[in-house]
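Asker: Quick one: the structure is below, and I'll ask about it shortly.
Just so it is clear, none of the values below were taken in a lab; they were calculated from the coordinates. What you see is a predicted model; the values in this text were computed from it and never measured. So basically every Cβ, Gly included, is an ideal-geometry build from the backbone, and we count neighbours across all protein chains shown.
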Amino acid sequence: MPKPVVPQSLFSETLAKAEKPALKDCSDLELAQALAGRLAIAPNDWHQLKGNRKARATEQAAIALVYLLKDQPEEALARLQQAAGWLDRSIQAPPCPTHGAKASTKDSGS
């Protein structure tokens, strides 16, 4: 006999109800750390996302929240300024160290 199909909305509501108690038990710092971990650019994605302004700004803003909750306002401010720099285009990704070295070698030989 086939299993009954559960409507997607019912599944989503059940999942949401199941997750709420777990979130409610977490401290603000734990939630911020989880968010920062989720938004961090993984090493495997670095080359693809290093110039993605939204990804970089979100990553920095989440890290800033962690520092703020740890009562380290100077570190939080530095990360917020980085996030703003990504958004207002005042900063850009540095070249990859291995690729940058190759490019500078070519430039110096010209």
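Asker: In whole Hz and in residue order, list the ³J(HN,Hα) couplings for region 51-57 that follow from phi through the Karplus curve 6.51 cos²θ - 1.76 cosθ + 1.60, θ = phi - 60°; x for Gly and Pro.
Answerer: Per residue, the Karplus-derived 3J(HN,Hα) values read x, 7, 4, 5, 4, 5, 5 Hz.
Asker: In addition: Tally Lys/Arg at +1 and Asp/Glu at -1 over every other residue whose Cβ is under 14 Å from the Cβ of Leu39; what's the total?
Answerer: +3
Asker: Could I ask something else about it? Spelling out what I want: for every residue of region 36-45, take phi, set θ = phi - 60°, compute 6.51 cos²θ - 1.76 cosθ + 1.60 (Karplus), and round to whole Hz; glycine and proline get x.
Answerer: 4, x, 5, 8, 5, 7, 6, x, 5, 9
Asker: While we're here: Once the convex hull of the C-alpha atoms of region 15-94 is built, how many Å³ does it hold per residue, rounded to a whole number?
Answerer: With only Cα atoms used, region 15-94 gives 107 Å³ per residue.
Asker: Continuing with the same structure: Report the calculated FRET efficiency for Ile91 and Cys26 (r = Cβ-Cβ distance, R0 = 22 Å), to the nearest 0.05.
Answerer: That gives a FRET efficiency of 0.10.
Asker: What does the charge count around Lys70 come to, taking other residues whose C-beta lies under 15 Å from its C-beta (Lys +1, Arg +1, Asp -1, Glu -1)?
Answerer: -4
Asker: From the backbone phi of region 28-33, what are the Karplus-calculated ³J(HN,Hα) couplings (6.51 cos²θ - 1.76 cosθ + 1.60, θ = phi - 60°) in whole Hz, Gly and Pro given as x?
Answerer: Working through the residues one at a time gives 4, 5, 4, 5, 5, 5 Hz.
Asker: If you add up the charges near Leu49, with Lys and Arg at +1 and Asp and Glu at -1, over every other residue whose beta carbon is less than 11 angstrom from its beta carbon, what do you get?
Answerer: With Lys, Arg at +1 and Asp, Glu at -1, the neighbours total +2.
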